[in-house]
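Attaching a single structure in structure tokens format; questions to follow.
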Amino acid sequence: MDRYSRQQRFAPIGATGQQRIREKRVLVVGAGALGAANAETLVRAGVGKITIVDRDYVEWSNLQRQQLYTEEDAIKRLPKAMAAATHLRAINSDVVIEPIVADADARLLEYLVARDRPHVIIDSTDNFDVRMIINDVSQKYAVPWIYGACVGSYGLSYVIIPHETPCLRCLLEEVPLGVATCDTAGIISPVVHMVVAHQTAEALKILVNDERINRKLVSFDIWRGQYRMIDVKRIKKDGCPSCGDKRTYPALQYENETKFAVLCGRDTVQIRPAQRDGWEWTTLISFLQQQGIQVERNDYLFSFTVDWHRFVVFFDGRVFIHGTNDIQEAKRLYYQYLG
Amino acid sequence: MRCIINGETIELPHHVRTVAQLLRHFHIHEKIAIVEINMDIVPKDNYEQRAIADGDRIEIVHFVGGG
């Protein structure tokens, strides 16, 4: 029992708190920089179960800040969720680790939250579409979630407690478009850790039932030495469609269609087909090979290059087309080679 | 007018008199900004009316998506 001794000696946790942590389930959405660091901290802290969802695979440009991954993961192009699970199991075999290689859409997140009733959801995503889905699922199932985001040397964190604090939609009247992302402004690892320090500290308080959760919006710039906390409780809206009296959970009204999305910082478009089953991968791969296209594969995905576009096809049906930020061009390429 | 914005003393041009004008001045989209003046948060529907005064301590938080 030495493993958690230092954490237990910390009075607000103690043996009782440690037991509580052990019994709790956490859903981490995203396994990039924030997701890897959040998951590692919580797995080391000894949570009962952690589910980690991510749609991406490990690339060289991730290694500077995504602390769980190694060069070998990048060479093998392992899905982040799978690579994370392998490393997390090596760190703490007591914890049940469930990796899910998929796009965190409304259907999946609602399924996972309804199935597991996690005690907290940790946001480690890179876009507001997913965060609005997390926000609605959190309200619908009364599970707290912890927003975290960073770019450059700037970061923010905020805890959303259903029926108590303003939700993300109260704070943000619309989904921000064209805000700075890691591709345009870059990102340094220390700010990732500062965001994660706030997220995991609040997560631990939630898991041990400590009332001293920070309800303020925290933001900081670690390069400029700025740090501030803002009390936002006055902007909770009674008429909010996510947390108000007549809520409709707008982000959960999913459409059943093929979706195209430009990925943050990747010169890449993701295509997510509406229909996920019944793909004949072997047929498709041999069809491509007959056209003289060289196809590489591992257990989770296959990839090929046509001109300067690299296609990565996950066996759950999703496709990344690298070398474009243009959705129309991606659509054309998708239907040309995979439609 | 001189205000302390995010901890830095900043001289604002004369035409900046309300929170909405302040956000436009800094090219911050008002629907995604949180503004606090002298430790008091400003509801979004007050941005047009809420005046700023010399010496105000103003915090502006903008949301980012990366992670």
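Looking at (1) within 24 Å of A:ALA149 (Cα to Cα); (2) buried (at least 16 other Cβ atoms within 10 Å of the Cβ); (3) touching a helix residue (DSSP H, G or I) at 6+ places or on another chain (Cβ under 9 Å), which one does A:TRP60 not meet, given that it meets all the others?
In the conditions (1) within 24 Å of A:ALA149 (Cα to Cα); (2) buried (at least 16 other Cβ atoms within 10 Å of the Cβ); (3) touching a helix residue (DSSP H, G or I) at 6+ places or on another chain (Cβ under 9 Å), A:TRP60 misses (2) alone.
Please go through region A:200-213 and give me each residue that is touching a helix residue (DSSP H, G or I) at 6+ places or on another chain (Cβ under 6 Å) and either polar (S, T, N, Q) or under 23 Å from B:ILE5 (Cβ atoms) (or both), ordered by number.
A:THR200
Hey, does region A:111-130 have a residue that's touching a residue at least 12 places away in the same chain (Cβ under 8 Å), within 13 Å of chain B (Cβ to nearest Cβ) and part of a strand (DSSP E or B)?
yes
Which members of region A:12-50 meet the condition of being over 18 Å from A:SER124 (Cβ atoms) and of a type in the set (D, E, K, R)? Give the derivation first.
Narrowing region A:12-50 to residues over 18 Å from A:SER124 (Cβ atoms): A:12-23, A:46, A:48.
Listed by number, the residues that qualify are A:ARG20, A:ARG22, A:GLU23.
When you scan region A:131-148, how many residues do you find that are closer than 22 Å to A:LYS259 by Cβ and within 11 Å of another protein chain (Cβ to nearest Cβ)?
1
Among the listed residues A:GLY17, A:GLY35, which satisfies the condition of being assigned to a helix (DSSP H, G or I), more than 14 Å from chain B (Cβ to nearest Cβ), of a type outside the set (Val, Ile, Thr) and in contact (Cβ under 8 Å) with a residue 24 or more places away in the chain?
A:GLY17
Looking at region A:73-86, is at least one residue part of a loop (DSSP other than H, G, I, E, B), within 25 Å of A:GLY186 (Cβ to Cβ), more than 14 Å from the chain's Cα centre (by Cα) and in contact (Cβ under 8 Å) with a residue 60 or more places away in the chain?
yes
Further, regarding this structure: Look through region B:22-43, keep the residues that are within 10 Å of another protein chain (Cβ to nearest Cβ) and in a helix (DSSP H, G or I), and return whichever of them is surrounded by the most Cβ atoms within 10 Å (Cβ to Cβ).
B:ILE32
If you take the residues of region A:280-304 that are over 24 Å from A:ALA102 (Cα atoms) and either of a type in the set (Gly, Ala, Ser) or in contact with a Pro (Cβ under 7 Å, 6 or more places away or on another chain) (or both), which of them is surrounded by the most Cβ atoms within 10 Å (Cβ to Cβ)?
Step by step, filter region A:280-304, then rank; the result is A:SER286.
Let me ask something additional. Do the conditions hold for B:ILE4, that is, is it of a type outside the set (S, T, N, Q), exposed (fewer than 15 other Cβ atoms within 10 Å of the Cβ), within 14 Å of another protein chain (Cβ to nearest Cβ) and under 11 Å from the mean Cα position of the chain (by Cα)?
Spelling it out, B:ILE4 is indeed of a type outside the set (S, T, N, Q), exposed (fewer than 15 other Cβ atoms within 10 Å of the Cβ), within 14 Å of another protein chain (Cβ to nearest Cβ) and under 11 Å from the mean Cα position of the chain (by Cα).
How many residues does region B:41-59 hold that are closer than 18 Å to A:ILE235 by Cβ and touching a strand residue (DSSP E or B) at 6+ places or on another chain (Cβ under 8 Å)?
So the count comes out to 8.
Mind checking which residues of region A:310-339 are in contact (Cβ under 8 Å) with a residue 40 or more places away in the chain, assigned to a helix (DSSP H, G or I), aliphatic (A, V, I, L, M) and surrounded by 18 or more Cβ atoms within 10 Å (Cβ to Cβ)?
A:ALA330, the sole residue that qualifies.
Still on this model: If we scan region A:78-90, do we find a residue that is farther than 12 Å from A:VAL53 by Cα, within 14 Å of chain B (Cβ to nearest Cβ) and buried (at least 20 other Cβ atoms within 10 Å of the Cβ)?
Among the residues of region A:78-90, not one is farther than 12 Å from A:VAL53 by Cα, within 14 Å of chain B (Cβ to nearest Cβ) and buried (at least 20 other Cβ atoms within 10 Å of the Cβ), which makes the answer no.
If a residue must be more than 8 Å from every other protein chain (Cβ to nearest Cβ) and either at pLDDT 95 or above or not in a helix (DSSP H, G or I) (or both), how many such residues does region A:156-191 contain?
Of the residues in region A:156-191, 20 are more than 8 Å from every other protein chain (Cβ to nearest Cβ) and either at pLDDT 95 or above or not in a helix (DSSP H, G or I) (or both).
May I ask you to list the residues in region A:218-257 that are over 15 Å from A:GLU173 (Cβ atoms) and surrounded by 15 or more Cβ atoms within 10 Å (Cβ to Cβ)?
Within region A:218-257, A:VAL218, A:SER219, A:PHE220, A:ASP221, A:ILE222, A:GLN226, A:ARG228, A:MET229, A:ILE230, A:ARG247, A:TYR249, A:LEU252 qualify.
Answer yes or no as to whether A:ALA15 is buried (at least 19 other Cβ atoms within 10 Å of the Cβ) and modelled with pLDDT of 95 or more. Spell out the reasoning first.
Details: buried (at least 19 other Cβ atoms within 10 Å of the Cβ): no; modelled with pLDDT of 95 or more: yes.
Judged against the criteria, A:ALA15 is not a match.
I'd like the full set of residues that are free of Cβ contacts under 8 Å to residues at least 60 places away in the same chain and over 26 Å from A:GLY17 (Cα atoms), limited to region A:199-227.
Within region A:199-227, A:GLY225, A:GLN226, A:TYR227 qualify.
Table: residues versus (1) assigned to a helix (DSSP H, G or I); (2) crowded, with 16+ Cβ neighbours inside 10 Å.
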position: A:GLN7; (1), (2): yes, yes
position: A:ALA11; (1), (2): no, no
position: A:VAL26; (1), (2): no, yes
position: A:ARG44; (1), (2): yes, yes
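The values are calculated or read from the model by the stated rules, or taken from the named source; none is laboratory data. All values derive from a computational prediction rather than experimental measurement. All Cβ positions, glycine included, derive from the backbone under ideal geometry; neighbour counts span all protein chains shown.
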